[in-house]
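To keep things clear, I will list the structure first and then write my remarks on it.
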Amino acid sequence: MDTAVGIDLGTTYSAVAWVNREGDPEIIPNAHGEPLTASVVTLDAGGRPVVGAEAKADQAGGRAEVAHLFKRFMGNPAFRLALGDREWSPADLSALVLARLKAQAEAALGVPVTHAVVTVPEYFTHPERAATLEAGRRAGLNVPRLMSEPTAAALAYGLRPGPDTRCLLVYDLGGGTFDISLVEVGPDEITVIAAEGDHELGGRDWDDRLTGEMLSGLPPEDAELLAAHPGVLLVEAERLKQTLSARRAAEARLTLGGRTIKAVVTRQAFEAACADLLEQTGQLTVKLLEETGLTWADIHGVLPVGGSTRMPMVARWIEHMSGRPPMGGIHPDHAVALGAAAQAAILLEAEAEQTRLRLPGSDLGEARPILRLGVPRQIKNVVAHSLGMIAEDAAGERYVNSVLLPRNQRVPSNATRPYQFRLKGDGGDTMEVFLTQGETGDVRDCVYLGRYVVTGFPAAEGPRDAVIDVSYAYDDSALVQVTAVERVTGAPLVVNVEELPADVPERFLQPPRRGGSRAAMTVYLAFDLSGSMAGSPLAEAQKAARAFVSQLDLTTVAVGLIGFSDRVDVSLPATNNAADIERAIRRFTVGSTGYGNATHPFDDIHRLLADTTHRRFSVVLADGVWSEQSHATGRARRCHKAGIEIIAVGFGSADQAFLRGIASSTEQAMFTQLGSLSQVFGTIAREITEGGGH
Ligand code: AMP
């Protein structure tokens, strides 16, 4: 029978756990009887890999060829480390650590270990996750799922009895990363609601500060000598740091080049040197709370995980932030591996259940491990990044990162976006999509996930404009998959991931080449936000706005939002960023511009769009009779003359003759029922998209 384990593949230490015969997750100690194994790799004299304490001892002994902290470079193709006579990628080195943990578990349990749920920082992006999966494969492990570390910790916590539903913050400060996640733990379900983090903030930064403290207290010759041995200095700093978690002062005594160097650091001095690091974790925590609209009153407690939360300053900081001491009861170094083991057991249980359904009567008496009953088995997670692609801005003057799936999206999940594309029709067409993870429009600010090349377009009579529906999906491990279909033919296209060209992102700093057939377009949605829109009309209008945007090719179409009633508010200047558009739609509120119908949006539409040369639209939504309809009709005509097309959509007590007056043509005036608003907006979006580019 297969045995599945959970592995916490840490930056500095790793751990492996399984679900024991009593149904409880349990750490499997290594050959030295220790629960944690250092994520440090070296080669012995025979060129065989050495992992863990022995390798770490070599590092402390000043041996140059020791690999550590490689998790920080996971998925980075530029990072290679020379050990022995070959170069190693972070995935190669991680595979050695995983293989060691696998062997350790097999030795302790006496059975082959075939499956492992491996944990990754919440903040890991697609290439980092893909490299982790690859490491598992090379270690001979079947990795059915990657799990985020804070989720694993929350699951370990959720396995303990407690009040029915608890909302907690998992404060995960490890060796190399900091993650803060908002998690809801219920009796059956654990839901990660949102996450924030810094990929380059961790215990290692505390070590760096401590080296500063060690050196500053030494006579110059000693400081110079010690600084010339950075490996030794760092290992010693980490040791002092850990001592300072238990004592008020710590001393290092080192013999280098025949000299004995003695450095003393007090906890007080160390804490003072690290205050800003704690502050950084605080800023990310506040950002997360703000983003989710919660306050500290909504938070049941803060769960510390990761080795670095052992520092007393962290516990004090958590209490300072949240007003209560950190939650206790789970071991900060073991929680992640224990949660991963529980997840592995849950997956095996589900698989056994599937087999039972498929093969009734089959003997599953041996199906192990089985997790204790009465603990949450549903685990829902989010992705901490926004998924986007490189696009031309509305004016076609520069490249921007256009967000498609905003951050904190549930996994698994998917979204489809249309792209307008001019096909030569000779059967050799290719379309390129540069997929990114990043929060801003700046092309220098994102991680490039890959160049997806779409081919397989059928040959046709000649050139034609096509709409390609590209779907983005996150699987259970938050890895990205891209598929594409041509809308008219419905034929699935071929999507290949290709290596990124060396000039990315620099090439996107140049202005896009002119003369493309993909006509840029700007659309303003102008929504009546008067008092009568309160309640379901607003909710339906927001839904319609979303349906509208989902049908647009945001690589060529920029969308802006205007709310109006007694005043006009340009709540979003036109942008290609789906996340900004979604946020602005969500923020539409009745009353924000007054409750009446005293004004109209056409002067602002004219101001925003009159000087633009590409195609311009405004879809105006009206639900009642405006105070100055004839004046508004006149101002709308000025927009028509300037080449801005106005599409008028009315419902409720909107005046149909007036709608025809403000629309650019009678076909562009529509009266509908509230329940059909989304459908109408979706159709308008499709029509203006398909009318483009000719
Ligand atoms: P993790 O990535 O969760 O394994 O955390 C490893 C980090 O925790 C490393 O930077 C360790 O130096 C740090 N760490 C472990 N134990 C302690 C301790 N007692 N005091 C301070 N830091 C510690």
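The values are calculated or read from the model by the stated rules, or taken from the named source; none is laboratory data. The model shown is predicted, which means the values in this text are computed figures rather than measured ones. As a convention, Cβ positions derive from the backbone with ideal geometry for all residues, glycine included, and neighbour counts pool all protein chains shown.
Descriptive notes on the structure:
- For the stretch 624-646, filtered to residues that are of a type in the set (Ser, Thr, Tyr) and under 24 Å from PRO537 (Cβ atoms), the residue that is surrounded by the fewest Cβ atoms within 10 Å (Cβ to Cβ) is SER627.
- Only a single criterion out of (1) within 12 Å of the ligand (Cβ to nearest atom); (2) farther than 30 Å from ALA350 by Cβ is not satisfied by ASP198, namely (1).
- Residue within the stretch 255-276 that is among the aliphatic types (A, V, I, L, M), within 25 Å of the chain's Cα centre (by Cα), part of a strand (DSSP E or B) and crowded, with 17+ Cβ neighbours inside 10 Å present: no
- Scanning the stretch 388-414 for residues that are in a strand (DSSP E or B) and either farther than 22 Å from MET147 by Cα or not assigned by TED's automatic domain parsing to the domain that holds ASP503 (or both) yields GLY388, MET389, ILE390, ALA391, GLU392, TYR399, VAL400, ASN401, SER402, VAL403, LEU404.
- Selection over the stretch 176-195 of residues that are assigned to a loop (DSSP other than H, G, I, E, B) and more than 16 Å from the ligand (Cβ to nearest atom) gives a count of 3.
- Residues of the stretch 290-324 classified as assigned to a loop (DSSP other than H, G, I, E, B), away from the ligand (no atom under 13 Å from the Cβ) and either among the hydrophobic types (A, V, I, L, M, F, W, C) or in contact with a Phe, Trp or Tyr (Cβ under 8 Å, 6 or more places away or on another chain) (or both), total: 3
- Filtering the stretch 124-167 to residues that are assigned to a loop (DSSP other than H, G, I, E, B) and within 17 Å of PHE70 (Cβ to Cβ) leaves PHE124, THR125, ALA139.
- In the stretch 382-416, residue farthest from the chain's Cα centre (by Cα) [restricted to those that are basic (Lys, Arg) and within 29 Å of ASP179 (Cβ to Cβ)]: ARG410
- Residues of the stretch 7-24 that are within 29 Å of the chain's Cα centre (by Cα) and of a type in the set (A, V, I, L, M, F, W, C): ILE7, LEU9, ALA15, VAL16, ALA17, TRP18.
- Some residue of the stretch 497-504 being β-branched (Val, Ile, Thr) and either in a loop (DSSP other than H, G, I, E, B) or in contact with a Ser or Thr (Cβ under 8 Å, 6 or more places away or on another chain) (or both): yes
- Of the candidates ALA67, ALA57, the single residue that is under 27 Å from GLU122 (Cα atoms) and of a type in the set (Gly, Ala, Ser) is ALA67.
- Only one of ALA272, ALA263, ALA237 that is away from the ligand (no atom under 11 Å from the Cβ), touching a helix residue (DSSP H, G or I) at 6+ places or on another chain (Cβ under 7 Å) and small (Gly, Ala, Ser): ALA263
- Odd one out for LEU435, checked against (1) crowded, with 19+ Cβ neighbours inside 10 Å; (2) within 18 Å of GLY560 (Cα to Cα): (2)
- Residue match in the stretch 168-176 (condition: closer than 23 Å to VAL5 by Cα, at pLDDT below 90, touching a Pro at 6+ places or on another chain (Cβ under 8 Å) and not β-branched (Val, Ile, Thr)): yes
- For the condition more than 16 Å from the ligand (Cβ to nearest atom) and modelled with pLDDT under 95, ARG72 does not qualify.
- Applying the set (1) surrounded by 15 or more Cβ atoms within 10 Å (Cβ to Cβ); (2) farther than 17 Å from LEU226 by Cβ to ARG247 leaves exactly one unmet item: (1).
- Taking the criterion of being of a type in the set (Gly, Ala, Ser) and touching an Asp or Glu at 6+ places or on another chain (Cβ under 7 Å), the residues of the stretch 584-623 that qualify are SER592, GLY594, GLY596, ALA598, ALA622.
- Selection within the stretch 128-175 - within 14 Å of the ligand (Cβ to nearest atom), buried (at least 24 other Cβ atoms within 10 Å of the Cβ) and more than 15 Å from the chain's Cα centre (by Cα): ALA152, ALA153, ALA156, VAL170, TYR171, ASP172, LEU173, GLY174
- Residue match in the stretch 421-431 (condition: at negative phi, within 24 Å of the chain's Cα centre (by Cα) and in a strand (DSSP E or B)): no
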